[in-house]
Structure formats: structure tokens, C-alpha cells
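Participant: Quick one: this structure, given as C-alpha cells, is what I'll be asking you about.
The values are calculated or read from the model by the stated rules, or taken from the named source; none is laboratory data. Remember, predicted model here, so these are calculated numbers, not experimental data. Note that each Cβ is placed from the backbone with ideal geometry, even for glycine, and that neighbours are counted across all protein chains shown. Ligands, DNA and RNA are stripped out before the accessible areas are found, and what is left, the full protein with its side chains, is counted by its heavy atoms. Shrake-Rupley method; radii C 1.70, N 1.55, O 1.52, S 1.80 Å.
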Amino acid sequence: MRHAVVVGAGIGGLTAAAALSQRGWAVTVLERAASIEPVGAGLAMAPNALRALDVIGVGDPVRKLAAFQGSGGIRTKSGKWLSRTSAEAAEQRYGDPTVLLHRAEIVGLLAEKVPGIELGTLVESASEDGVVVTSKGELRADLVVAADGIRSRIRQALFPALPAPVYAGVTSWRFIADGTAQPSESWGDGQVFGVMPLARKKIYGYATAPAPPGGASPDELADLTRLFAGWHDPIPALLDRTDPAKVIRTDIHSLETLPPAFHRGKVALLGDAAHAMTPNLGQGACQAIEDAVTLAYTPDLSAYSAARLPRTTPIVKRSRTIARMTSWRNPVVVGARNTMIGLAGRLGTTAALRQMDAVFAWEPPVRP
Ligand SMILES: Cc1cc2nc3c(=O)[nH]c(=O)nc-3n(C[C@H](O)[C@H](O)[C@H](O)COP(=O)(O)OP(=O)(O)OC[C@H]3O[C@@H](n4cnc5c(N)ncnc54)[C@H](O)[C@@H]3O)c2cc1C
């Protein structure tokens, strides 16, 4: 039986382990953390990711746990709608709308499909010939899946000349609070605030704003409340009822230059290890899931790289472009940006959706 070692039990690693097990591989998952409890709050799963999850039987359980979003869109900080989206139109066009759920819920569903995870196991190195050295000993594998995240030490060892991830100039905050709301993402002059309903009367809130890297505050919620004071309803009220202990702050980094291939010898790079992107398109985990399913169904690693490098490169670039647009602060530039989005928004939801075809209409290598 062929043996795969998967490094990292994030969404990418777990999906790869599930897909490879389904294909008859013996799989060992190595995770340095003591638990797979993820850092994060909500997570958007787009139609392309749901189609990939269907291949491993996790699409429907995700749909069941997720909230159907209804209509939403992009707003200004005063609440004026610039463009609208429609979940019904997305469902008609792609078979599913984008759905939102707790990050821990999708991690739990994926873990159920994985035979076992060796927690508390740090991978120190993995070589092209399939030798993996860990804090607990050495393993030999026919395939090593490097799903070890944005700071991947395996990527660094395989592609030492590749520049490190770059700070996007903004930090992010995420939290979950009680309540219901219409989904929206509001853009100010440098800041963004997203309000996304989850199932069971919960709201996933997220925000980004320019900040020096590595910052932290003793009271992140107080900072958020100050930053977004005067923004439209329900933002201030939502922050008022948020538990300060639940606010997670993460600086946003991305890979400006992707590796020349997503494999070397017997090692495949996957997820953020291969193509860490800013979160503006909500595609980082979705692309990790696509990678994983593609990897399990491609005949060899050259075919995997050939499929995934051209697929993810424009998505990383597009996410970065949106990150730049949302961090503009000059009022004239912000006004012009909002006018442009407003004009495009007048073309209607179908025109807006069509722009997402290249991302959302992706087909997995097999349909269940
Ligand atoms: C604010 C924010 C919001 C986001 N929102 C969305 C969204 O709505 N939708 C979406 O699709 N994406 C979103 N993303 C992106 C998404 O979170 C990531 O792309 C995704 O989690 C990457 O998964 P991964 O499995 O590749 O890496 P990770 O989740 O980083 O997992 C890597 C795992 O490897 C382990 N590991 C690392 N090194 C080693 C080692 N040496 N030995 C053993 N284990 C190791 C780590 O402990 C970790 O468990 C968002 C990101 C941010 C920052």
C-alpha cells in the first residue's frame, strides 16, 4: 500500500488526508499542535470549495451546518449600498451560494474523515526522496504533503531562494457574537468591516485596518470600537455586545511570489504553504481544499503542479489587488473607487457574479 505523510492538520492537510485515504493510500497526519482546535471565527466556503468537498462526502454536512446568506453586498461606511449580491442568483449560476460556518465546524467534519492525527509532532524536515524527520523519529513516505501553512518550513527548504511572505500593511480582527443581520462588507478609507450571519443566530464579524506589523493591544475590542465608531448599523451595536475575550487579531501576510512548482521529488506543497493569499476573496481555505482533492486524483506530482499553479496564481493576485483597494485612504481616491464600484453595481447581480466565474465555476477532477 502506498504511504503518504501529511504535514499539518489545518483545513488543507485534513482535506488531503481524507481524499488520499479515500483513494486507498495509508495516511499519517503529523501536527505540531496539541489539538486541532483552529484559530479563527467564521469561514466562507464558496461554491468551488463545496464542489471539491462533495468529492470526499463533506459537502452536504457543510451545507447543513452553514447559514444561507440571502442578499448582501458592499456598502460604504455610512451604509450606502455600492453593489448587491444575491445568494439565489449564485445558487442558480453555480449550484450553491457561498456559505458561512464556524471554522471549528468544518475542521471537525474533515477530521471525522481522517483515520488518525499524530498531535504534538513537529516536523523538522522533509526531503525530496520522502524522508520526514520529526521530533519523535524518522518516517519514509511515497508522498509527503506539505500542508504546514504560510510559514512552511518545507517550502523554505525546497525553494530557499523564494522570498518570504510579505506583510499586506493591514491587520485583521475576527469574532463571533449573538444576533442576526443582513450580510455585508463595508469599505471605509482604509478599513473594512464584514458582518456575516451564521446559523443558530450567531454573527461572524471581521474587520481590517492599516497598522504596523506585529502590533497587539491589551483591549482589541476597545480599539475596534474606536476605529468603527460612527459606522452604519449594526456595526457599533454588534461591537457593544461582543465578548472582548473572543476577538482574534491576525496580521495579514501573503506570498508575493509563488514557488515555480508546487512539488519537488516526492513532496507536494498545498494550501497556504504553496500560495498564501490575503483573505479578501475568501479563497485561501477554498483553494487549499481544491488542491487537496486535485492532488488525490492526479496521476503524478507534475500534473498536480501543472493544474494548481496556473489556477491559484491569478486568485492570489486578485486577492492582493482587492487588499490594496480596500486600504486606500486618500478621500479623492476612495471616492473614485466607490463611484466605480457603484457604477459596476448598477449593472446588476448577474454581471457582478459573472466576474466570479473564473473562481467559482471550477470543476473537481471527478464528480461523486
Ligand atoms: C482573517 C482571515 C480570514 C480568512 N477567511 C477565509 C474565508 O472566509 N474563506 C477561506 O477560504 N479562507 C479564509 N482565510 C484563509 C484561510 O484561513 C487559510 O488559507 C487556510 O486556513 C489555510 O489552510 P492550510 O491548511 O493551508 O494552513 P493552516 O491552517 O495554517 O494549517 C497549517 C497546519 O500545519 C501545522 N504545522 C505547521 N508547521 C508544522 C510542522 N513543522 N510540523 C507539524 N505541523 C506543522 C500548523 O500547526 C497548522 O495546524 C482567512 C484568513 C484570514 C487570516
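Participant: I need the helices (runs of 4 or more DSSP H) fully contained in the range 32-116, keeping only those with at least 1 residues that are within 14 Å of the ligand (Cβ to nearest atom) and surrounded by 19 or more Cβ atoms within 10 Å (Cβ to Cβ). Show your work before the answer.
Facilitator: Values: elements: 47-55, 59-65, 87-94, 103-112.
Ranges flagged: 47-55, 59-65, 103-112.
Participant: Next up: When you look at residue 133, is it surrounded by 15 or more Cβ atoms within 10 Å (Cβ to Cβ) and at pLDDT 95 or above, yes or no? Working first, answer last.
Facilitator: Values: surrounded by 15 or more Cβ atoms within 10 Å (Cβ to Cβ): no; at pLDDT 95 or above: yes.
So residue 133 does not fit the description; no.
Participant: Go through the range 187-209 and give me each residue that's within 16 Å of the ligand (Cβ to nearest atom), within 22 Å of residue 251 (Cα to Cα) and either open to solvent by 40 Å² or more (accessible area, probe 1.4 Å) or hydroxyl-bearing (Ser, Thr, Tyr) (or both).
Facilitator: Answer for the range 187-209, where residues must be within 16 Å of the ligand (Cβ to nearest atom), within 22 Å of residue 251 (Cα to Cα) and either open to solvent by 40 Å² or more (accessible area, probe 1.4 Å) or hydroxyl-bearing (Ser, Thr, Tyr) (or both): 204, 206, 208.
Participant: Search the range 165-185 for residues that are within 13 Å of the ligand (Cβ to nearest atom) and pair each with any residue that is among the polar types (S, T, N, Q) and part of a loop (DSSP other than H, G, I, E, B) when their beta-carbon atoms are under 6 Å apart and the residues are at least 6 apart or on different chains.
Facilitator: Going by the 6 Å Cβ cut-off, the qualifying pairs are 168/278; 170/327; 175/242; 183/69.
Participant: Within 15 Å of the ligand (Cβ to nearest atom) and open to solvent by 30 Å² or more (accessible area, probe 1.4 Å): which single residue out of 278, 250 fits that description? Let's see the steps before the verdict.
Facilitator: On the way: 278 fails: open to solvent by 30 Å² or more (accessible area, probe 1.4 Å).
Being within 15 Å of the ligand (Cβ to nearest atom) and open to solvent by 30 Å² or more (accessible area, probe 1.4 Å) holds for just one of 278, 250, which is 250.
For (1) among the aromatic types (Phe, Trp, Tyr); (2) out of contact with any Leu (no Cβ under 7 Å at 6 or more places or on another chain); (3) modelled with pLDDT under 95; (4) assigned to a helix (DSSP H, G or I), each residue gets a yes or a no:
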| residue | (1), (2), (3), (4) |
| --- | --- |
| 206 | yes, yes, no, no |
| 209 | no, no, no, no |
| 224 | no, no, no, yes |
| 232 | no, yes, no, no |
| 238 | no, yes, no, yes |
| 245 | no, yes, yes, yes |
| 252 | no, yes, no, no |
| 259 | no, no, no, no |
| 273 | no, yes, no, yes |
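Participant: Same structure, new question: Could you grab me the full set of residues in the range 339-363 that are closer than 27 Å to residue 191 by Cβ, open to solvent by 30 Å² or more (accessible area, probe 1.4 Å) and of a type outside the set (Gly, Ala, Ser)?
Facilitator: Matches in the range 339-363: 339, 340, 343, 346, 347, 349, 355, 356.
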